[in-house]
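All remarks here apply to the structure that follows.
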Amino acid sequence: MYNIKEITKDLFWAGANDRRLNLFESVYPVPDGISYNSYILIDNKTVLFDSVDRAVSHQFYENIEYILKDRNLDYLVINHMEPDHCAEIAWLIKKYPQIKIVCNQKSQTMIGQFFDFELPQNQWNIVKEGDILETGHHTLTFFMAPMVHWPEVMVTYDKTDKILFSADAFGTFGAIDGNIFADEVDFDHRYMDEARRYYSNIVGKYGTQVQMLLKKAANIDIKMICPLHGYVWRKDLDKFIDKYQRWSVYEPEEKSVLIAYASVYGNTQNAAEILAGMLAKHGVKNIKMYDVSTVHPSYVVSEVFKYSHIVFTSTTYNMDIFVNMEILLNDLCAHNMQNRKIAIIENGSWAPSCGNLMSEMISKWKNTEIIGNKILVKSSLKQNQVQELETLAKEIVSTM
Ligand code: FEO
């Protein structure tokens, strides 16, 4: 049975939710599911903006067939060629053999890599920055957005209704629960953390490219944003755009301390807990602690994007950084993390070495300062080290 949602009088959501997916991109847990958004414009010409992931193809077919009824599908605009949005291109071509594909050169190359079909030259509409497509009442303009998230990404602007089809930008993890507009749900409480986790892990590495897209967006009048995942924005756009502004320049949202610890027998955790208590006594609010062995790194990466000060606390393992802490730090380095204040606590029973190794990794982060001296715990924290921790707590607070 079809399940569509009206966005405007001639624009419809034709996507679907996947609530059974365990790991998005085989990496990220999505406990609240994920939506794959596809939009269809019914004008003199009909236009589909992206398709969906193969996992929800059946729902997609029902939606498209219901909306179009006996009309042809004239255009498929491909904003993003990642398979969670383009899996159904071959089905669309088979079903609507006269369809024209509207995409950029890079997407055309990728289509050749992902699919085997041949399409006559006159069914390709290859677009460049600023190119326009008239569909009757609507005028669509295409803007390139390379690396927001893949190199071929572009966004489409409907000048008539002032709608931006933003590809992965402004998306969120989490299925759409009936409502389609962000202003119809308590987005701040229910979805903002997942929007940050989505941003930081999916496009967080590409802050510079997101900045370029935001600059382009600032020059057009946008009344609605239709992303490829999550809710459609028609109110308070500035609030969400401001989040993107901060995230893309790695500006922390919370002036507080996040403590990420890796502890095998609890002694490293003990040092982290005592430091957290000292920080609280010094008036630091909203301190957060994460055991990197029990929390998926994508959640901690997201929180590192949020917090100004991070304490990495790890035990030495195989003469190296403890495995789950190393995964987290590698992930943060890969995401181009920067602009943070860091403190380090290391533990080791006979040859502590993870402190220097962690410093080495973090020293590559731009505009990042390591506060105070590393604290070395030998097996377990002793009374005579409490002062050292207190000094570190004061040094952290002095930089806030
Ligand atoms: Fe939702 Fe980059 O794909």
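The values are calculated or read from the model by the stated rules, or taken from the named source; none is laboratory data. What you see is a predicted model; the values in this text were computed from it and never measured. Glycine also receives a Cβ, built like all others from the backbone with ideal geometry; neighbour counts cover every protein chain displayed. We work out accessible area using only protein heavy atoms, side chains counted, and drop any ligands, DNA or RNA first. Shrake-Rupley method; radii C 1.70, N 1.55, O 1.52, S 1.80 Å.
Brief remarks on what is shown
- Share of pairwise Cα separations in the stretch 161-233, more than 18 Å, in percent: 40 percent
- Taking the C-alpha atoms only, the angle from helix 207-218 to the longest principal axis of the chain is near 50 degrees.
- Calculated P(r) tail over 37 Å for the chain, as whole % of Cα pairs: 31 percent
- Within the listed set Ala262, Ala14, Ala280, the residue fluctuating most in the Gaussian network model of the chain (springs between alpha-carbon atoms under 10 angstrom) is Ala280.
- Crossing angle, helix 386-398 versus the chain [Cα axis fit, 0-90 degrees, rounded to tens]: 40 degrees
- Gaussian network model of the chain, springs between alpha carbon atoms under 10 Å - residue of Pro120, Pro146, Pro227 with greatest fluctuation: Pro120
- Its Cα gyration tensor gives the stretch 71-167 an equivalent ellipsoid. The semi-axes, each the square root of 5 times an eigenvalue, are 20, 17, 11 Å from largest down.
- Evaluated at q = 0.21 Å⁻¹: base-10 log I(q)/I(0), Debye formula over Cα of the stretch 263-400: -1.47
- Where only DSSP H runs of four or more residues are counted, the chain gives -9000 deg cm²/dmol as its mean residue ellipticity at 222 nm, each run worth -39500 (n - 2.57).
- Magnitude of the charge dipole, the stretch 218-292, Cβ model with Lys/Arg +1 and Asp/Glu -1, debye to 20: 180 debye
- Shape of the stretch 316-395, Cα gyration tensor, a/c cut at 1.5: oblate
- Apportionment of accessible area to carbon and sulfur, the stretch 256-400, percent (1.4 Å): 49 percent
- Counted charge near Leu41, where neighbours are those whose Cβ lies closer than 13 Å (Asp, Glu -1; Lys, Arg +1): -4
- Dipole of the stretch 302-400, positive end: most advanced residue of Leu357, His335, Thr315 [Cβ charges, Cα centre]: His335
- Annotation: the antiparallel percentage among DSSP beta bridges lying fully within the chain is about 45.
- Summing Cβ point charges (Lys, Arg +1; Asp, Glu -1) relative to the Cα centre of the chain gives a dipole of roughly 740 debye.
- Gap separating the Cα centres of the stretch 187-203 and the stretch 238-259, nearest whole Å: 11 Å
- With Cα atoms defining each centre, the stretch 70-92 and the stretch 122-175 are spaced 13 Å apart in the structure.
- With Cα atoms, 0 to 90° folded angle of helix 57-68 axis to the chain main axis: 40 degrees
- Gaussian network model of the chain, springs between alpha carbon atoms under 10 Å - residue of His138, His335, His189 with greatest fluctuation: His189
- Proximal lysines relative to Lys235, as straight alpha-carbon distance under 29 Å, when same-chain residues fewer than 8 apart are discounted: Lys5, Lys9, Lys45, Lys159, Lys162, Lys205, Lys215, Lys216, Lys223, Lys243, Lys255, Lys306
- Surface analysis of the stretch 39-170 yields an accessible area of 41 Å² per residue, using protein heavy atoms and a 1.4 Å probe.
- Per atom type, the stretch 21-100 shows carbon and sulfur on 47% of its accessible surface, probed at 1.4 Å.
- Only protein atoms count toward the accessible area here, which uses a 1.4 Å probe; on the stretch 129-180, the carbon and sulfur part of that area reaches 55 percent.
- Across all Cα pairs in the stretch 291-338, the calculated P(r) in 5 Å bins from zero up to the longest distance comes to 4, 20, 32, 27, 12, 3, 0 percent per bin.
- Translational diffusion of the stretch 1-142 was estimated from the Stokes-Einstein equation, with Rh taken as the Kirkwood radius over Cα pairs; at 10 °C and 1.306 mPa s the coefficient is 101 µm²/s.
- Accessible surface area normalised per residue over the stretch 271-320 is 40 Å², counting heavy atoms of protein chains with a 1.4 Å rolling probe.
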